[in-house]
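Every number in this text was worked out from the coordinates using simple rules, so none of it is lab data. Small disclaimer: the values here were computed from a predicted structure and weren't measured. Don't worry about glycine lacking a Cβ; one is built from the backbone with ideal geometry, like all the others, and counts go over all protein chains shown.
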Amino acid sequence: MLTPEHYQKVFQQAHSAGSPHLTIIARANNLSHPRLGLAVPKKQIKTAVGRNRFKRLCRESFRLHQNQLAHKDFVVIAKKSAQDLSNEELFNLLGKLWQRLSRPSRG
């Protein structure tokens, strides 16, 4: 996702899956593929190295799970404790949250 308008649409009517380390917000889109947006505030992860690491792992996890995900826009929001996770822990957590969001909603 590229523009602030895309992010605003996701935040307006979305469902989410979260953990103490991060939150993923999702909203259906009209495209034939899922899209990823990242929100990694300096206030939560102080160093550029930490923010870039978090974004790199999110993108890779999204790439690997893309074929299992519904046609939705996803925004991953980092929390302060995300910087304390190892690469493997963060990757496993993202996998669980992608699974939770890809299930059909009851309703």
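Just name one of S81, H15, L101: the one whose Cα is farthest towards the positive end of the charge dipole of the chain (beta-carbon charges, Lys/Arg +1, Asp/Glu -1).
S81
Name the longest site-free stretch of the chain, where the excluded sites are trypsin sites (Lys or Arg not before Pro) in a DSSP loop with no more than 14 other beta-carbon atoms within 10 Å.
Working: sites that count: K42, K43, K46, R106.
It works out to 47-105.
Could you identify which residue out of Q83, Q12, Q44 has the top mean-square fluctuation in a GNM of the chain using Cα springs shorter than 10 Å?
Looking only at Q83, Q12, Q44, the largest GNM fluctuation is found for Q12.
For the chain, state the semi-axes of the equivalent ellipsoid (square roots of 5 times the eigenvalues of the alpha-carbon gyration tensor), sorted largest first and rounded to whole angstrom.
Numbers: eigenvalues 94, 47, 31 Å².
Equivalent ellipsoid semi-axes, largest first: 22, 15, 12 Å.
What are the chymotrypsin sites (Phe, Trp or Tyr not before Pro) within the stretch 1-105 that DSSP puts in a loop, where the Cβ has at most 14 other Cβ atoms within 10 Å? It would help to have the intermediate numbers written out before the result.
Values: sites: Y7, F11, F54, F62, F74, F91, W98; in loops: none.
Answer in residue order: no site qualifies.
Calculate, in nm to one decimal, what M1 and F91 gain on full extension: separation in residues at 0.36 nm each, minus their alpha carbon distance. Mind showing how you got there, number by number?
Numbers: separation 90, 0.36 × 90 = 32.40 nm, distance 2.11 nm.
Gain on extension, M1 to F91, equals 30.3 nm.
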